[in-house]
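I have placed the structure first, in the form of structure tokens, so that the comments after it can refer back to it.
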Amino acid sequence: MSESIYARLQQALPSIREWIAQFVADHRENGVQLSALAEPALLRCFPVEVLAGTTVVALPEVRFPPVGEFGLPEFAQMAEMPLAGITFDTTFFVKAGAQSQSLYFHETVHVVQWEHLGFDRFLLTYAANMIGREYVQNPLEAIAYSLQGEFEAGKLSGSPVDRIQTSASSAWSSVSEFFPS
Ligand SMILES: [Zn+2]
């Protein structure tokens, strides 16, 4: 019998980490500090350290890491899905032409999640919450889309950071039993 998807996820972590580090390094020279792109409405939402510590890179196409190649065929189809943006730790990639304050807001929610959970725990939480769900039902996406809607409608009052951190912790708690170490 083959190993559980959770065990394979954990085994794939070093490869995914390495792929992300290389991808970020390959595009670093094209990065722009988020604080240079953010307009006042966005600047008001996040601490200055987050905005100054986040790098934005525009690319012709944005995709998930090729997780199908890392012993996770269950995610191979998802990895082909074209995206408007994706966040890796403190760098996010956006599709050229799709840039907007709203998209930057969404990806900054993910930056806060990465920082709160830590690198490996973010990846495990994100991937484990994809199993049996649609992409938008992943709680790490659901909160990002929900807050993005409030941001677009001008209904976001105060900083969303606490809400992002609380929901990220509960997304991790809902799957942490599958990763005993
Ligand atoms: Zn997202």
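Tabulated results
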quantity	calculated
Identity of the residue in region 151-174, within 15 Å of the ligand (Cβ to nearest atom) and either without any contact (Cβ under 8 Å) to a residue 60 or more places away in the chain or exposed (fewer than 15 other Cβ atoms within 10 Å of the Cβ) (or both), that ends up farthest from Glu49 (Cα to Cα)	Ala171
Test for Trp114: is it aromatic (Phe, Trp, Tyr), crowded, with 21+ Cβ neighbours inside 10 Å and more than 13 Å from the chain's Cα centre (by Cα)	no
Selection within region 133-181 - in contact with a Phe, Trp or Tyr (Cβ under 8 Å, 6 or more places away or on another chain) and polar (S, T, N, Q)	Asn138, Gln148, Ser159
Scan of region 55-73 for residues that are closer than 17 Å to Tyr135 by Cβ and in contact with a helix residue (DSSP H, G or I) (Cβ under 6 Å, 6 or more places away or on another chain), ordered by number	Phe64, Pro65, Pro66, Val67, Gly68, Leu72
Residues (of a type in the set (S, T, N, Q) and either part of a loop (DSSP other than H, G, I, E, B) or farther than 22 Å from Tyr6 by Cα (or both)) located in region 104-148	Thr108, Asn129, Asn138, Ser146, Gln148
Test result for Phe46, in contact with a helix residue (DSSP H, G or I) (Cβ under 7 Å, 6 or more places away or on another chain) and under 30 Å from Gly154 (Cα atoms)	yes
Some residue of region 86-102 being part of a helix (DSSP H, G or I) and either within 16 Å of the ligand (Cβ to nearest atom) or more than 21 Å from Ala25 (Cα to Cα) (or both)	yes
Residue list for region 103-144, restricted to those being within 9 Å of the ligand (Cβ to nearest atom), among the hydrophobic types (A, V, I, L, M, F, W, C) and in contact with a Leu (Cβ under 8 Å, 6 or more places away or on another chain)	Val109
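Yes/no per residue for (1) modelled with pLDDT of 95 or more; (2) not in a helix (DSSP H, G or I):
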{"position": "Ser2", "(1), (2)": "no, yes"}
{"position": "Glu18", "(1), (2)": "yes, no"}
{"position": "Gln22", "(1), (2)": "yes, no"}
{"position": "Ala25", "(1), (2)": "yes, no"}
{"position": "Ser35", "(1), (2)": "yes, no"}
{"position": "Ala41", "(1), (2)": "yes, no"}
{"position": "Phe46", "(1), (2)": "yes, yes"}
{"position": "Val56", "(1), (2)": "yes, yes"}
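The values are calculated or read from the model by the stated rules, or taken from the named source; none is laboratory data. This structure is a prediction, so every number in the text was calculated from the model and none was measured. Note: ideal-geometry Cβ built from the backbone for every residue, glycine included; neighbour counts use all protein chains shown.
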